[in-house]
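The next block holds one structure in the form of structure tokens; read it before the comments.
The values are calculated or read from the model by the stated rules, or taken from the named source; none is laboratory data. No experiment lies behind these values; they were computed from the predicted model shown. No Cβ is skipped: glycine too gets one built from the backbone with ideal geometry, and neighbour counts run over all protein chains shown. Note: accessible area is taken over every heavy atom of the protein model, side chains too, but ligands, DNA and RNA are not part of it. Shrake-Rupley method; radii C 1.70, N 1.55, O 1.52, S 1.80 Å.
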Amino acid sequence: TELTEATEYAVRVTAVDAAENESARSEATTFTTLKKEEPKDTEAPSVPTAVAAADITQTTAKVTWDASTDNVGVAGYNVYVNEAKVNASPVTVTEYDLTGLTEATEYTVRVTAVDAAENESAKSEAVVFTTEAEKDTEAPTAPAGVKATEVTETTAKLTWNEATDNVGVAGYNVYVNE
């Protein structure tokens, strides 16, 4: 007993009788004690909290979250967009820049924490956001063919040809005497 771990030993045995006569030593046998193994880490880190999306543009967004804890140590985080993991290796900070998003599209993001033993936490609460739509900077065409019909002492009916727009005409404004 009380041997040192991961150490090689050579052992010989002798026989002793009641008169304390000792035999010659046996041939040696050698062995190496085992290295003490650390207990296997089977506990997953805590679930990341306060997941948020900010700086949302047409094709990008920044996701942030509060750090998780673990009984041994958090190695990093995985980011899931619409249930698909988007990072190749664990993210070692508490933020991630999403790129290559589609404009005017809703996204659902969840985050998990992982430790060095590859234990992964449950997914965080989802953050849902929509990327910005393309900015419409082009004005519609001016309505053409404006006519006043059915004119009475106090009323008139106005008609015109539809205007066109690169995105769509939402409505018309009518100005009387400017």
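Below is a table of values for the structure above.
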{"quantity": "Complete set of residues in the stretch 156-176 that are open to solvent by 70 Å² or more (accessible area, probe 1.4 Å) and of a type in the set (Val, Ile, Thr)", "calculated": "164, 167, 174, 176"}
{"quantity": "Subset tally (residues that are in contact with an Asp or Glu (Cβ under 9 Å, 6 or more places away or on another chain) and part of a loop (DSSP other than H, G, I, E, B)) for the stretch 69-81", "calculated": "4"}
{"quantity": "Filter result (surrounded by 14 or more Cβ atoms within 10 Å (Cβ to Cβ) and farther than 29 Å from residue 6 by Cα) within the stretch 22-51", "calculated": "44, 45, 46, 47, 48, 51"}
{"quantity": "Number of the condition not met by residue 59 [criteria: (1) under 30 Å from residue 136 (Cβ atoms); (2) in a loop (DSSP other than H, G, I, E, B); (3) of a type in the set (Ser, Thr, Tyr); (4) without any contact (Cβ under 8 Å) to a residue 40 or more places away in the chain]", "calculated": "(4)"}
{"quantity": "Members of the stretch 133-155 found to be within 52 Å of the chain's Cα centre (by Cα), loosely packed, with under 10 Cβ neighbours inside 10 Å and in contact (Cβ under 8 Å) with a residue 12 or more places away in the chain, listed by number", "calculated": "138, 139, 142"}
{"quantity": "Where a residue in the stretch 166-178 is at negative phi and its partner, wherever it lies, is surrounded by fewer than 10 Cβ atoms within 10 Å (Cβ to Cβ), with Cβ under 7 Å and at least six apart", "calculated": "166/138"}
